[in-house]
Each structure stands twice: as structure tokens, then as C-alpha cells.
Amino acid sequence: MEASLVILSALCAGIVLVRRVGRRAWGLAAICALLVGALWCTHYDDVAAELQALLPAPANHDGYVSSASCRSCHPEAYHSWHDSFHRTMTQPVTPAMMLADCRGADGRGIELHDRGHTTRIAWRGAELWIDTVDPLWLLPDERSANEPPPRIESRIVMATGSHHLQTYWLRRPKFEDDRHSDDGAFFQAPWSWLIAQRRWVPTQDTFLAPPSSRLERSMPWNTSCNMCHSVGTRPRLGPNIIETDSVELGIACEACHGPGEAHIRANESPLRRYRKHFAADDADPTIVNPLKLDKQRSAEVCGQCHSFNKELDMQRWMDTGVAFRPGDELGKTKAVFGYTENPTHPRLLAHLKAEPDALQGRFWKDGTIRVAGREYNGLIESKCYTHGEMTCLSCHAMHDYAEPKDQLSTAKLGDKSCLQCHARFGADIPAHTHHAVGSSGSECMNCHMPHTTYGLLVAMRSHRIDSPNAATAAKTGRPNACNLCHLDRTLAWTAEKLTAWYGHAPAQLTDEQQRLAAAVRWTTNGDAAQRVVAAWAMGWEPARQVSGVKWQAAFLAYLLLDPYTTIRQVAFESLRKAPGFADFEFDFVAREGDIHPRIREAIQRWGRAMAGRPDRYGPHLLLDPEGRLDIDAHERLLQSRDNTPVRIIE
Amino acid sequence: MIQQSKPEAAIADLHLRVGWWSLLAFLSLGILIEAMHGFKIGYYLDVRNETRRLMWTLAHAHGTLLSMLNIIFALTARTAASGRRAPSVFASRCMLGALVLLPIGFFLGGLFIHGGDPGVGIVLVPPGALLLLLGVWSMARATRSGGGSGKDATGSDG
């Protein structure tokens, strides 16, 4: 486009020249225009080539061909993939793809401060540069409290994410006096961009993790994220240089369909293609179609990334990349871990050495996965999978999807996913749900897939498909579906309903579980996982419709002082939906001293919203009929908070 | 006034008639295509119909250009008596065949598509292209300078 404009401008100049000099100038003008255009194109090619040189080297190995080769024969599939968040999981950084504001008010860049360190980010033409603390200094053996941290200035070359947040990867340059052999290593920038909130946040504050006053280390992209956020990446960490290469950045066709070279070669013949077009069975053994695999193999295609797993042979992965290919048995190349009290698997033990609380953080006490993006762990624990034929593609579609957020199949939206097997409930839905048809309580997923997994500053649906059970909730602390909607009800109320409706055995409940609304307990003395899930539910529209919209604000306001930054942010997002809080402002990563005045204002706003007109009250909510909070009881609950450190690292 | 032999005149008339009427038809197809753009018709514009869009664009382009080529053919035939050899019946048939097979092949290919592959109607395109090549080759030969006669119009000497 730019080249065309330049050529056009040069031609216009040529016409002027012709009018002044004569017809002989035509040839000269045309040559000039072509030269200028060619130079402009070359300039742009140089920019692209220069960025490409800093990225993992493109390499089509082991039969991979990249998505560009798929487009001409599968335009619809290509475009539906192109519109998905899978494609943009990893992208080269260019001005066109950038979601973050890197220019600042004066257009010269931004300066960010966190935990005593300053980071500057700015565009220089089409290049994004960062000036920050050397990420290698953050590695444990590099820390020294007495020395000022070394700084580096380097290019930001890759970005991850385009849905909830976008995070950035700098390529750390190798310096002359550098003892590290790290040329080619990509480190995460210490700041990320929250897309909906349109703001920068410290990257470490985007994870649910115990508060920390120091900068946390970032794993190099080469040995962590690439495994799932790109196709065919080989880390290849050499003794003096890192030679990471990749078939394609982002999650592309061959991540799910396997390497495509043999398929392309076979289908170069039009006769073969047209035989397939008109055959009753269009199965093609040269490529994997997850829809046509059996349920285990099909689910494992997604499970290669959407699970808590480790490569069995790490050295092989370092040298040749991920060994799993779609259609293979996942267990042969990767170990998928569930919750266990007594870990024995050597790869899990190795992981626990580096992250001792990895299992406690990722799983509820009943073994249900609670970190987002690991849905396969939930699926394989579900009866729909173990006793039925359910796979990921029973509900999701990677091409014919209704919207890119969840990629739910257009053919199976709403209850259709469940009713395709449980058709008997469809005839008389209220008889099964005890909720009116069309109400949120009548939707299958709201009861059987509650929002009890967490990641990226939101709660997401559990993919361990089960039924609400008060006894399990009481025993394990995993918030149950009923009370995530009926926030103003106690667990005893839920137990009573489940006994009456479904014949559950009476649950053994503590005095507190009987007396207090479940959401009040979770938000005040629950652990960090319970607090964040409950805080999110307080802003969930179906729960607000069922449980009222005012009373929760008091509990959300107190959560603004939570030690976990992410809980503060989630609570703030829910609080903004409460009456009188639409314009309330809060910086969840601000210093504690700056937070207190905001909480006082939140409490005042809540008081004005209630003002003798509480929408819910009672001792189970710690609210009197005037809407006043029982401060002493609330304080006692806060004092009994479960402060077990929780790390949910997606 | 230049007198034309009967066969040459008949060929010229035929190609003029066919050329202008087919030009009308394929320009109408172009207008239909533009209308589908204007009204954002998914059957033509959706990504899943990318192949149909390509095929019908090609049908429109080839049809229009071949119609014009047939008109040029007719005009060339009318100059046969001016000392150049007239186009042969063979060339005439080739040009007419190409006019039918090429755009119709592309159109039918776009009517029923299979992902990135056009429908089987596309099989009309290669013979159409061959006829076009033969027709143009025959025309090129016929327009060599040198004597011309009505004999050429019968195709008897190729």
C-alpha cells in the first residue's frame, strides 16, 4: 500500500515534469517511480527481515509445513483459525498487533515503576524497545541485595496473548563482558497489558500468588511457553549460543492436525482430491482430523497443552521439540499429573523440587483442577468422559464456533451440548433442575460446570463435570455451584435442597457452614482460591440477579485490602458493577497506604447505596435490617482467614 | 468499396453477433457480482466461498475478454479482402468454443465448490484454453502478409 502511494506520487511528479520539460521526460519519470517504489519495498523488507532475525528461526522440520501451506485448499478452516485467539497466542511485535499503549501522553514512550525498579518502553520507528532490570539478575543465583541491579536495553520482539492480557518478550542481547551464554534467550518483560482495563500491570501481579516485595524471576520463553504457544519449536540450548527455532509462532493448524507435508504431497494430484470429494468417506490417512479420532486420542490432542503435564524426556524435547503428535497416545511422550498426596513420578518429583506447592496450588483438595487452561485434567475426571463418549469436541469447535472467546460449537450452544447424550432431561427440564425453564438455574453448565477454576484475573468454568454436592463442598472447600449463584445462602440451605430434590445424604456441616452464607465465609476467612472465586461470582450477572446486587459490596470493599493483588483486582471488577460504584476508581497494584483511603470511600459508597434499604440482610450475611454490617463478627472472620499460601500459575 | 467473399462475411457477422451478445451477458454477470458485493451476499463473499468468488470473477473476466476478442476476430475477418488471408473456419470454431467453455467452466466450477477446489465444471476450462490457444495461433497464421483468398475461409489449406 505504502509502495503504491509512493509510486503514484512519483508518477504525479512525473506528469508535472512532462508538462514542463516535454514528452521525453515520461520514461525518466517512470523509471524514477519504479526505483522509488522498489527502494521503499526494500526498506520494508529490511524491517521485517531484521525483526525475523531476532525471533526463533523459522524451520520446517520433521514434516511440518506451517499454516501458510494449508490456506489455499482449506480457506474456511484457515480463516476461522486466523480469527481465533489460538493464532495470536504468540506473535512478532509490530505496531499493527500491539494492544498496549507504549507511546504515553507525550508520544515518547512510557515509564513504569514497581517494587523500586523502573522500566521504560518506547517505540523507535517500528521497533519496540525496553530499558529495564536485566532479567538474568532476577534469577536466584544472581541476586545481591547490596548491588544495584544491572540494566539492559533490548528489543521486545514477541507478544503472548490477545484476549485477557498481552505480555511481552524481550530478546536479551549478549554483551561483550557477559559471562552468560544467552544470546537468543527471550525473557518476559516485567510489565504486561490488561486488555479490557487498558492499563499496564506488573507481570507478576497477573498471577494469583502470595504477595512479594521483590521482582520475581521469569522463565525464558525458550524453555517454557514455547511448548504450547508455538508449533514445532525446538529449544536447542547450545553451550555458547541458544539456537531456538520454530515452525510457527502461535498455535496453528499442525498443532492439532500434525505435520502436513505428507498430506500436501499426497493431495497435489487433483484426481486424488476429487475422488475424496465424491467419496462417501472422505477420511484421509495422510492427516489427523481430531473429529475422527476415538475419544481418548481426540481429547489428548487438546490435552497436550490443556493439562498439567511434563515431557517425559526433557533432553529430547530440548533437542528436537515436543515429541507428541496428534493421534498419538499422549502418555507415551508426556505425563499428565493429577492431585496426589504421595507423588512418586520422577518428573513430578523433579517439578516439585522447583515448585514445592505446585499440586496444592493447582488443585482443590478433592483433586479437581483449579488452574485455568488445564481443562483436560477436569475432563478425564468426569463421568461424561470415563463412562461416556464425551471429548472436547462434544462442545467446542475450532472452526465452526459461535464466538472466539470459548469457541463453543455453533451446533451445540447452550444445553444442546449436554442434551445430545442426556436427552431424557430435555423432555421435562424443571423436573430435573427444579428451576424455571429459561432461568440461569435451568442451564446445565451453571450447575455441572461452575466457575471454580481461575486464571488471567477471572474465574472460569470447571471442566470436571459433576453435580453439586454440599458434603464435598464442606469437606474440600471447593465452592459449589448452588452457592456460587445463591451467594446469600448458607451451605446448610444448599444441603437441605439437595437432600429434598435429589435424595443426597445429609451433609455434616460445621457451625459456621450452617450459620453463615457460603459467599460470606469464602470472601472473609476462605483461602486465596476461595476468595478469588467468590469475589468473581459476586460480579457474575446470574448470581447478581438471584442474590441481589447491593449487600455484596461491603465484602468486596474489604477484599480491596486483600494481600493478593489479583484478588484485589477481581474484587474491584465485581465492585464496579454494584449500585453507586460505576465511577469508582481503584489501583489494585497501588501501595497499601494509597489503598486505605479508597476502601474508606468504598465503604461510604456502600453505606449510601444501602441507606436503610438493604436488598438482603440477616445474621447469615452479618447485616442487620438497616443494612449495617456486624463489624465485630466480620473482624473475627477476617482474623480466622486461611492464610495458606496459594499459587495458581497458569 | 471492398467486396468480401460470402464465407468471410458470414464468419464476421456470426462473431460480431456472438461477441456483442456474449459481452452483454458477461457484463451482466459483472454487474451481478458487483451487486453481490454491494449487498454483502454471503453466498459469494463469505470466506467459506472464497473459491466461488475466485471462479466467478474468472468467469466474468474471461467471458468479457473473450467476447471482445470475438468482436476483434469479426473485424479482422472483415479486413480479409484487403490483401491479408482471412481467418479460417477452424479458427472461428476455436474462438467460439473458447468463448463457451472457458467462462462457463469457471462459472460452473464456482457453482459447486469443495473447500479450496472448484466443482467438476472446471473440467471445461482446459479444453477451452486449448481452443483459445489454437484459435489465436490460427489467427496469427492467417494474418501473415501475403495473398489472401476465400479459399482460406473454407479451412482447406489450414
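Of the residues that sit in the range A:51-105 and are touching a His at 6+ places or on another chain (Cβ under 7 Å) and hydroxyl-bearing (Ser, Thr, Tyr), which one is nearest to A:Glu403 (Cα to Cα)?
A:Ser80
May I ask you to list pairs of residues, at least six apart or on different chains, whose Cβ atoms are under 8 Å apart, with the first in the range A:272-287 being within 12 Å of chain B (Cβ to nearest Cβ) and the second being surrounded by fewer than 14 Cβ atoms within 10 Å (Cβ to Cβ) and part of a loop (DSSP other than H, G, I, E, B)?
What qualifies is A:Lys276/A:Asp282.
Looking at A:Asp615, A:Asp642, can you tell me which residue is out of contact with any strand residue (DSSP E or B) (no Cβ under 7 Å at 6 or more places or on another chain), in a loop (DSSP other than H, G, I, E, B) and at pLDDT 95 or above?
Selected residue: A:Asp642, the only one of A:Asp615, A:Asp642 that is out of contact with any strand residue (DSSP E or B) (no Cβ under 7 Å at 6 or more places or on another chain), in a loop (DSSP other than H, G, I, E, B) and at pLDDT 95 or above.
Find the residue count for the range A:247-271, including only residues that are touching a Leu at 6+ places or on another chain (Cβ under 9 Å) and within 14 Å of chain B (Cβ to nearest Cβ).
Number satisfying all stated conditions: 0.
Among the residues of the range A:74-105, write down those that are within 14 Å of chain B (Cβ to nearest Cβ) and among the hydroxyl-bearing types (Ser, Thr, Tyr).
A:Tyr78, A:Ser80, A:Ser84, listed by residue number.
Just checking, does the range A:53-66 include any residue being polar (S, T, N, Q), within 14 Å of another protein chain (Cβ to nearest Cβ) and over 26 Å from the mean Cα position of the chain (by Cα)?
no
If you check every pair at least six apart or on different chains, which have Cβ atoms under 6 Å apart with a residue in the range A:415-435 that is at positive phi first and a residue that is among the hydrophobic types (A, V, I, L, M, F, W, C) second?
A:His434/A:Trp501
Would you point out which residue out of A:Arg108, A:Arg71 is within 14 Å of another protein chain (Cβ to nearest Cβ), more than 26 Å from A:Pro211 (Cα to Cα) and among the basic types (Lys, Arg)?
A:Arg71
Identify all residues within the range A:470-520 that are in a helix (DSSP H, G or I) and among the polar types (S, T, N, Q); write none if there are none.
A:Thr472, A:Thr476, A:Asn483, A:Thr494, A:Thr499, A:Gln513, A:Gln514
Would you point out the residue of the range B:133-144, among those that are open to solvent by less than 50 Å² (accessible area, probe 1.4 Å) and of a type outside the set (S, T, N, Q), that is nearest to the other protein chains (Cβ to nearest Cβ)?
Looking at the filtered set, the residue picked out is B:Gly135.
When you go through A:Thr244, A:Thr223, A:Thr233 one by one, which is the residue that is buried (at least 20 other Cβ atoms within 10 Å of the Cβ), closer than 20 Å to A:Gly161 by Cα, among the β-branched types (Val, Ile, Thr) and out of contact with any Phe, Trp or Tyr (no Cβ under 6 Å at 6 or more places or on another chain)?
On the way: A:Thr244 fails: closer than 20 Å to A:Gly161 by Cα; A:Thr223 fails: buried (at least 20 other Cβ atoms within 10 Å of the Cβ).
Exactly one of A:Thr244, A:Thr223, A:Thr233 is buried (at least 20 other Cβ atoms within 10 Å of the Cβ), closer than 20 Å to A:Gly161 by Cα, among the β-branched types (Val, Ile, Thr) and out of contact with any Phe, Trp or Tyr (no Cβ under 6 Å at 6 or more places or on another chain), namely A:Thr233.
Can you tell me how many residues within the range A:274-301 are surrounded by 18 or more Cβ atoms within 10 Å (Cβ to Cβ), over 28 Å from the mean Cα position of the chain (by Cα) and assigned to a helix (DSSP H, G or I)?
0
State all residues of the range A:447-465 that are over 21 Å from A:Thr386 (Cα atoms) and not β-branched (Val, Ile, Thr); if no residue qualifies, say none.
A:His451, A:Tyr454, A:Gly455, A:Leu456, A:Leu457, A:Ala459, A:Met460
Collect the residues in the range A:383-407 that are crowded, with 19+ Cβ neighbours inside 10 Å, in contact (Cβ under 8 Å) with a residue 40 or more places away in the chain and assigned to a loop (DSSP other than H, G, I, E, B), keeping them in residue-number order.
A:Met390, A:Thr391, A:Met398, A:Gln407, listed by residue number.
Which members of the range B:105-121 meet the condition of being touching a Ser or Thr at 6+ places or on another chain (Cβ under 9 Å), part of a helix (DSSP H, G or I) and within 14 Å of another protein chain (Cβ to nearest Cβ)?
B:Gly109, B:Gly110
Going through B:Leu130, B:Leu69, B:Leu124 one at a time, which residue ends up being in contact with a Leu (Cβ under 7 Å, 6 or more places away or on another chain), away from chain A (no Cβ under 14 Å) and of a type in the set (A, V, I, L, M)?
None of the other options fit; the residue is B:Leu124.
Take the range A:543-559 and flag every residue that is crowded, with 22+ Cβ neighbours inside 10 Å and of a type in the set (A, V, I, L, M).
A:Ala543, A:Ala553, A:Ala554, A:Leu556, A:Ala557, A:Leu559
Test A:Arg120 against the criterion of being open to solvent by 60 Å² or more (accessible area, probe 1.4 Å) and either among the β-branched types (Val, Ile, Thr) or touching a helix residue (DSSP H, G or I) at 6+ places or on another chain (Cβ under 8 Å) (or both), and give yes or no. I'd like the intermediate steps shown before the answer.
Details: open to solvent by 60 Å² or more (accessible area, probe 1.4 Å): yes; either among the β-branched types (Val, Ile, Thr) or touching a helix residue (DSSP H, G or I) at 6+ places or on another chain (Cβ under 8 Å) (or both): no.
No; evaluated as a whole, the condition is false for this residue.
I need the full set of residues from the range A:564-594 which are assigned to a helix (DSSP H, G or I), touching a strand residue (DSSP E or B) at 6+ places or on another chain (Cβ under 9 Å) and open to solvent by 50 Å² or more (accessible area, probe 1.4 Å), in order please. Working first, answer last.
First, the residues of the range A:564-594 that are assigned to a helix (DSSP H, G or I): A:565-575, A:592-594.
Still in the running and touching a strand residue (DSSP E or B) at 6+ places or on another chain (Cβ under 9 Å): A:565-567, A:569-570, A:573.
Once the filter is applied, which keeps residues that are assigned to a helix (DSSP H, G or I), touching a strand residue (DSSP E or B) at 6+ places or on another chain (Cβ under 9 Å) and open to solvent by 50 Å² or more (accessible area, probe 1.4 Å), the range A:564-594 yields only A:Glu573.
Looking at (1) part of a helix (DSSP H, G or I); (2) in contact with a Pro (Cβ under 8 Å, 6 or more places away or on another chain); (3) at pLDDT 95 or above, which is the only condition A:Gln204 fails?
Condition not satisfied by A:Gln204: (3).
Taking A:Ser213 as meeting all but one of (1) open to solvent by 40 Å² or more (accessible area, probe 1.4 Å); (2) in contact with a strand residue (DSSP E or B) (Cβ under 6 Å, 6 or more places away or on another chain); (3) hydroxyl-bearing (Ser, Thr, Tyr), write down the number of the exception.
For A:Ser213, the exception is condition (2).
The values are calculated or read from the model by the stated rules, or taken from the named source; none is laboratory data. Note that the structure is a prediction, hence the values are computed from the model and not measured. As a convention, Cβ positions derive from the backbone with ideal geometry for all residues, glycine included, and neighbour counts pool all protein chains shown. Accessible surface is based on the protein model in full, side chains and every heavy atom, while ligands, DNA and RNA are left aside. Shrake-Rupley method; radii C 1.70, N 1.55, O 1.52, S 1.80 Å.
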